[in-house]
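**Student:** Before anything else, here's the structure in question.
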Amino acid sequence: MTESLEKVYGYVWDSYSDDSTKESMDFSEGYKDFVSTCKTERECITEFIRIAEEQGFVGLDALLDKGHQVKSGDKIYAVTAQKALVLFVIGREPLENGLRIVGAHVDSPRLDLKQNPLYEDSGLAMLKTHYYGGIKKYQWVTTPLAIHGVVVKKDGTVVNVVIGEEDNDPVVGVSDLLIHLSKDQMDKKMSQAIEGEDLNITVGSIPLGDKEDKDRVKKNILKLLNDKYGITEEDFVSAELEAVPAGKARDYGFDQSMVMAYGHDDRVCAYTAFRAILDVKDPKKTCVALMVDKEEIGSVGATGMTSKFFENAMAEVMNLTGDYSELKLRRCLAKSKMLSADVSAAYDPNFPSVTEAKNSAYLGKGLSFNKYTGVRGKGGSNDANAEFLAEMRELMDKHNVTWQTAELGKVDQGGGGTIAYILAEYGMDVVDCGVPVHNMHAPWEVASKADIYEAMRGYRAFFQDA
Ligand code: MN
Ligand code: MN
């Protein structure tokens, strides 16, 4: 390998002084706190808004009410359904000259409760679920789960629910068959060993009331829920309750160099993009951090990237500068540059056959640029322009950000996509770049603290200087 390639494929840790090693470790402590408590898209967006407001960001609706004149240096946020967020730091140049966008998603694979979830079977109260996103179903049994989400009552009251995160909280879970009776199950294909309709969660076993009554265990659970949250069985109809892995993010490895957490995909890129935009000072181009929902199910819906909410918010902001036209908005979007911030697959020595070692991301080797994703012959991929990648190489090197280049896996082994292609429809330059992880979409994913810190530094350099 030539010297310059060694630089591209070197360890982040080798580039760090003792001080930078400590900075990266400290940065991950903040991330661990965030990802330990924010386990739904709503929780992520609510927390981002809380911090953004503390840091001087003002809601777009409030500015519209006041007819505020937007000017350089303004910090603005717009939110949709508490699940998708766009943060703006207005730059010195006119919006027409284009934006610097970093976009990530805040939804993660999980088990959603169905709208009529609660039932009783053989003395146990159970909850029916419908899995969300791409999961290997067998990974979600016999692991402690917590329930996070909201129940919206008919009068519009939103009840926040979190069960299973405090030390003295109960956890819930999905059972699996004992090995002693698994002869038939063990002969099945892995994808069929646990079926979607088998992912039922056990939530109770104490009966309530008269022995002659039916469903007494279910009745007791309903009483507990009513006592604690004031909700009834019918309220499940208008609820969004998600079963997620219970417990906090932990240091991973004897050297504490990595973080094991639920939801790195893609909260690790959302958090680093968020922290990066908080640091932006007086940028030339207007900076935009996008935190979207529904990526794991195809970026659909009003809060997914294919929705018009970002374009609409952009139009409103441009209008508030007093210089709006349809043509200027189109130019603004077409002249923009975007980092599609999403996780990549890190090379796993336990499964070397699915990657091609020379074009794989590695834990601890920095921010991973994926020129293209997609399947088979790059199907569905954004495939960034070489010119844009050259610009990003120059930028990252100038800011001493350690980066690497990768594909998601071996050719024809599978693949995946991100929100990159959706923003590219405006004609802007977009490239995928994010943090490599092990165990993507499993209940507990692993990322390197060095890569997490380099992602934040890379996104910050892009906002400030691209
Ligand atoms: Mn993702
Ligand atoms: Mn994903």
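**Student:** Could you pull out every one of the strands (runs of 3 or more DSSP E) wholly within region 251-364 that has 3 or more residues that are touching a residue at least 40 places away in the same chain (Cβ under 8 Å) and open to solvent by 60 Å² or more (accessible area, probe 1.4 Å)?
**Tutor:** Because the criterion is at least 3 residues that are touching a residue at least 40 places away in the same chain (Cβ under 8 Å) and open to solvent by 60 Å² or more (accessible area, probe 1.4 Å), no strands (runs of 3 or more DSSP E) in region 251-364 meet it.
**Student:** Moving on. I'd like to check something: does region 362-372 contain any residue that is in contact with a strand residue (DSSP E or B) (Cβ under 7 Å, 6 or more places away or on another chain), away from ligand 2 (no atom under 15 Å from the Cβ) and at pLDDT below 95?
**Tutor:** Looking for residues that are in contact with a strand residue (DSSP E or B) (Cβ under 7 Å, 6 or more places away or on another chain), away from ligand 2 (no atom under 15 Å from the Cβ) and at pLDDT below 95, one finds at least one in region 362-372, hence yes.
**Student:** Given the options THR129, THR142, name the one that is of a type in the set (S, T, N, Q) and open to solvent by 60 Å² or more (accessible area, probe 1.4 Å).
**Tutor:** THR142 is the lone residue from the list that is of a type in the set (S, T, N, Q) and open to solvent by 60 Å² or more (accessible area, probe 1.4 Å).
**Student:** Turning to a different aspect of this structure: Test VAL102 against the stated conditions and say whether it is part of a strand (DSSP E or B), open to solvent by less than 10 Å² (accessible area, probe 1.4 Å) and assigned by TED's automatic domain parsing to the domain that holds MET428.
**Tutor:** Yes; evaluated as a whole, the condition is true for this residue.
**Student:** Then there's this: If you check LYS248, LYS214, which single one turns out to be over 30 Å from PHE27 (Cα atoms) and among the charged types (D, E, K, R)?
**Tutor:** Values: LYS248 fails: over 30 Å from PHE27 (Cα atoms).
So the residue among LYS248, LYS214 that is over 30 Å from PHE27 (Cα atoms) and among the charged types (D, E, K, R) is LYS214.
Yes/no per residue for (1) closer than 24 Å to GLU195 by Cβ; (2) free of Cβ contacts under 8 Å to residues at least 40 places away in the same chain; (3) part of a loop (DSSP other than H, G, I, E, B):
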site	(1), (2), (3)
ILE135	yes, no, yes
THR142	yes, yes, yes
ALA146	yes, no, no
VAL151	no, no, no
LYS154	no, no, yes
VAL161	no, no, no
GLU166	no, yes, yes
PRO170	no, yes, yes
GLY173	yes, yes, no
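**Student:** Also, I was wondering about something else. Quick check: anything in region 282-295 of a type in the set (Val, Ile, Thr), within 16 Å of ligand 2 (Cβ to nearest atom) and out of contact with any Phe, Trp or Tyr (no Cβ under 7 Å at 6 or more places or on another chain)?
**Tutor:** The initial filter retains those residues of region 282-295 that are of a type in the set (Val, Ile, Thr), namely 286, 288, 292.
Filter once more, so that each one left must be within 16 Å of ligand 2 (Cβ to nearest atom): 292.
After this cut, where a residue has to be out of contact with any Phe, Trp or Tyr (no Cβ under 7 Å at 6 or more places or on another chain) as well, the list is 292.
Yes: one or more hits.
**Student:** On to the next question. Six or more apart or on different chains, Cβ under 9 Å: which pairs go from a residue in region 389-406 that's within 12 Å of GLY10 (Cβ to Cβ) and open to solvent by less than 30 Å² (accessible area, probe 1.4 Å) to one that's polar (S, T, N, Q) and in a helix (DSSP H, G or I)? Could you list them?
**Tutor:** Listed by first residue and then by second, the contacts come to THR402/SER15.
**Student:** Sticking with this one: I'm told LYS223 meets every condition in (1) open to solvent by 70 Å² or more (accessible area, probe 1.4 Å); (2) farther than 30 Å from GLU23 by Cα; (3) in a loop (DSSP other than H, G, I, E, B) except one. Can you identify the failing condition by its number?
**Tutor:** (3)
**Student:** Do we find a residue being within 24 Å of the chain's Cα centre (by Cα), closer than 30 Å to GLY364 by Cα, open to solvent by 20 Å² or more (accessible area, probe 1.4 Å) and modelled with pLDDT of 95 or more anywhere in region 232-242?
**Tutor:** Taking every residue of region 232-242 in turn, none turns out to be within 24 Å of the chain's Cα centre (by Cα), closer than 30 Å to GLY364 by Cα, open to solvent by 20 Å² or more (accessible area, probe 1.4 Å) and modelled with pLDDT of 95 or more.
**Student:** Continuing with the same structure: Mind checking which pairs have a first residue in region 54-66 that is under 18 Å from ALA289 (Cβ atoms) and at pLDDT below 95 and a second that is surrounded by 12 or more Cβ atoms within 10 Å (Cβ to Cβ) and among the β-branched types (Val, Ile, Thr), Cβ under 9 Å, 6 or more apart or different chains?
**Tutor:** Final answer for the pair search is none.
The values are calculated or read from the model by the stated rules, or taken from the named source; none is laboratory data. This one's a predicted model, so the numbers in the text were calculated from it and none came from an experiment. For neighbour counting, all protein chains shown are included, and Cβ atoms are generated from backbone atoms with ideal geometry for every residue, glycine included. SASA here: full protein model, heavy atoms, side chains in, ligands and nucleic acids out. Shrake-Rupley method; radii C 1.70, N 1.55, O 1.52, S 1.80 Å.
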